[in-house]
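The values are calculated or read from the model by the stated rules, or taken from the named source; none is laboratory data. Predicted, not measured: the structure shown is a model, and the values here were computed from it. All Cβ positions, glycine included, derive from the backbone under ideal geometry; neighbour counts span all protein chains shown.
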């Protein structure tokens, strides 16, 4: 049996292999992704983001317990930012994998992103497609919302849960606008701590002030204590209310089709890079060119114009 | 007089205009940058990065006072991350501009990065070229080290100062490897706080363990109290020792030439995007395509392959 056959038979080790295959862009990965695309489109995509320390992993774990109870299969991908100033998430993932064993309905994957920026959005989306094709009902992307790349990834989700904690309160004022653009549901986690009422009220008031009518989704604010599984049922309900809402008003399809257009553009960029730029060094003497620029005899814009004119003549 | 003439005569308002012109990619900005490139190459580039709260702005301000004393002209660009979970830096910049008036030897520019990810690295590098051509002795890029884009920007600098605080101590163990790849000089700021000795010793020990010989730059660890201007002279000296070191061993030129190659590749990508991808929507019916993909009749890889084949036939 081929790996793909095993994959289609529901073998999670085959899923892991196929994800690695895609991640490493091995020969023929585009054709493989084409096949996976044909089988995908059924899983809903949930994004969970929030500042460091807001308890995103704990919240996702709590949601996973609820999903298990509802007999849903879920694929989770944790995207760590490439910053050298964060870290340690991988250890946490190993702990989580013990909580949700490999033979169950939950599947975990971490993306180590250092140095992988160019392809991170693409790689994450491709893995979501693989999980979708594998037959998960739900896929979840969990990421710290730092950097544009992480925002692009979150933007590809159908429903985005922004996680805050009572301590985030002081910062809320400044970032309200930005957060409201991203969030479909707010979870105020660790809501058993002092001052949690304040941030919940503050957020709700700000949301009230936004222009809205019956066609607008009213972003709910759900206080949770993820570690005690408190109010997770409500959070779960709000997520699925949002999905139902955007399916009813057409935004689900509009958003997915926009993502498809973005994907096509991204593939075209990647083809140009792979089939032209990566081979450029074989054709031109970059050592000579960079020396001339360094010495001020020409500049990168003139060089690039000449190279691009040659390319178009081919 | 044209704006460019005023610029060449040292008019800072003309510099501001030219930076906006480049940032907005107005018609002819490539030709303009070509001209600026011809006049650039003299300013050294210092990157200052570190986690939020490490006092990067204060450290840069302290360095600026030292630069003023040394009669050096300095252009500073502050790059804020696009994360909705940070913010407020712009207000701080207004305060800084009062500290260093516009008619002096210091020039400030902030980059508001939200939504500008694609071009952020390019835009920052272009502004550094403009500042260089304007005649600054030194250009400084200040950024929170989150996200790959910010790392790329920092990587383009000749000398990178990584700023930490005593509180960063616990995190150091985990991130040592990553930080050492980036840093040319460590500044442990707020070194009057408890436990500052520990992180200084810890970093120095870790640096000792790295393989090194007389050809290797030994990364110094400088404790500072930026707000009191303490030990800033030593930090300044270490920065210039590093510049002298890499100029002597050839790495200065190697690194700059690598950046030139990267710049040429980046311009080619941008040309492909501008001259082909942005016009694609005029030629093909994306509405029809995305619907077919959404309904599972085709997939983005097949569509992109067909489009790319057409493009190459042109």
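Some points to look at:
- Condition met for residue B:270 (modelled with pLDDT of 90 or more, buried (at least 16 other Cβ atoms within 10 Å of the Cβ), closer than 30 Å to residue A:129 by Cβ and in contact with a helix residue (DSSP H, G or I) (Cβ under 9 Å, 6 or more places away or on another chain)): no
- Within segment B:232-251, tally of residues that are in contact with a strand residue (DSSP E or B) (Cβ under 7 Å, 6 or more places away or on another chain) and surrounded by fewer than 19 Cβ atoms within 10 Å (Cβ to Cβ): 2
- Condition met for residue B:233 (closer than 30 Å to residue B:48 by Cα, in a helix (DSSP H, G or I) and modelled with pLDDT under 95): no
- Being under 23 Å from residue A:27 (Cα atoms) and either within 9 Å of chain B (Cβ to nearest Cβ) or at pLDDT 90 or above (or both) is a condition met by no residue of segment A:290-303.
- Of the residues B:209, B:245, the single one that is at pLDDT 95 or above and in the same structural domain as residue B:156 (by TED's automatic domain parsing) is B:245.
- Being assigned by TED's automatic domain parsing to the domain that holds residue A:154 and either outside any helix (DSSP H, G or I) or in contact with a helix residue (DSSP H, G or I) (Cβ under 6 Å, 6 or more places away or on another chain) (or both) is a description that applies to residue A:214.
- Helices (runs of 4 or more DSSP H) enclosed by segment A:2-114 - at least 2 residues per element that are away from chain B (no Cβ under 14 Å), surrounded by 19 or more Cβ atoms within 10 Å (Cβ to Cβ) and at pLDDT 90 or above: A:12-23, A:56-69
Table: residues versus (1) within 11 Å of chain B (Cβ to nearest Cβ); (2) at pLDDT below 95; (3) buried (at least 22 other Cβ atoms within 10 Å of the Cβ); (4) more than 21 Å from residue A:57 (Cβ to Cβ).
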residue	(1), (2), (3), (4)
A:119	yes, yes, no, yes
A:124	no, yes, yes, no
A:164	yes, yes, yes, no
A:172	yes, yes, no, yes
A:179	yes, yes, yes, no
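- Of all the listed residues (B:150, B:142), the sole one being away from chain A (no Cβ under 14 Å), modelled with pLDDT of 70 or more and buried (at least 16 other Cβ atoms within 10 Å of the Cβ) is B:142.
- Yes/no for residue B:281 being under 28 Å from residue B:121 (Cα atoms) and either within 7 Å of chain A (Cβ to nearest Cβ) or modelled with pLDDT of 90 or more (or both): no
- Residue within segment B:241-264 that is in contact (Cβ under 8 Å) with a residue 24 or more places away in the chain and over 20 Å from the mean Cα position of the chain (by Cα) present: yes
- Comparison of B:199, B:219, B:254 shows that the only residue that is crowded, with 19+ Cβ neighbours inside 10 Å, part of a helix (DSSP H, G or I) and more than 9 Å from every other protein chain (Cβ to nearest Cβ) is B:199.
- Considering the conditions (1) facing another protein chain (nearest Cβ under 9 Å); (2) surrounded by 12 or more Cβ atoms within 10 Å (Cβ to Cβ), residue A:287 is excluded by exactly one of them, (2).
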